[in-house]
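> Take a look at the following structure, please.
The values are calculated or read from the model by the stated rules, or taken from the named source; none is laboratory data. Here the structure is a predicted model, which is why all the values come from computation and not from measurement. Please note: Cβ atoms are built from the backbone with ideal geometry, for glycine as well, and neighbour counts cover all protein chains shown.
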Amino acid sequence: MHIASRLDEGGRAAWIATMIVGFIIFWPLGLAILAYTIWSGRMSCRYGHASEMKNEWRAYKEEWRARKREMRNMWRSERSRYHAATAPSGNSAFDDYKAETLRRLEEEQEQFNEFLDNLRKARDKAEFDQFMASRRNVVDPNTTQDNNDGNHNGGSVPSV
């Protein structure tokens with residue numbers, strides 16, 4: 001195994017070069033070196049870096065779990081906040097006031113959404129009108145300048 005340890009010092013490049021030389025000299029020798037490198041794990045991604053990769057993977061999984069916990073907690077707090085806002089307080093006057101305020105806010109939101117829709121429609125109409133006006137101003141290549149300006153001086157020389 002003295003040869004293998006010396007090739008390990010050279011890294012993958014040394015093993016690949018040895019394998020290529022083995023194929024050039026005698027193809028079964030190159031095939032044997034290839035089989036040995038695959039069997040021993042010298043050509044896999046994990047060789048020499050297994051502990052680093054495991055630690056990176058472990059850190060990635062922990063980060064993913066932490067994000068899931070954070071999202072779950074956020075979802076729970078939002079859900080509890082919603083339930084707290086809609087749950088009755090026990091005081092009927094306050095509950096009536098809260099229901100009326102929520103209804104009024106929903107109506108205002110609907111009116112605001114309608115207002116935004118009308119603004120979008122007006123903007124779209126203005127943009128379309130501007131487009132159509134710009135199309136009308138484009139000179140048709142089939143018509144001449146004489147036909148457009150109304151001067152009919154024989155069509156030979158435009159007036160200055």
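> Check 56, 62, 70 and return the single one that is at pLDDT below 85 and loosely packed, with under 12 Cβ neighbours inside 10 Å. Walk me through it before giving the result.
Details: 62 fails: at pLDDT below 85; 70 fails: at pLDDT below 85.
One residue alone meets the criteria, 56.
> Kindly indicate which of 41, 10, 30, 48 is surrounded by 11 or more Cβ atoms within 10 Å (Cβ to Cβ) and modelled with pLDDT of 80 or more. Before the answer, list the steps.
On the way: 41 fails: modelled with pLDDT of 80 or more; 10 fails: modelled with pLDDT of 80 or more; 48 fails: modelled with pLDDT of 80 or more.
Selected residue: 30, the only one of 41, 10, 30, 48 that is surrounded by 11 or more Cβ atoms within 10 Å (Cβ to Cβ) and modelled with pLDDT of 80 or more.
> May I pose another question? Kindly provide the set of residues from segment 87-137 that are touching a helix residue (DSSP H, G or I) at 6+ places or on another chain (Cβ under 9 Å) and part of a helix (DSSP H, G or I), ordered by number.
98, 102
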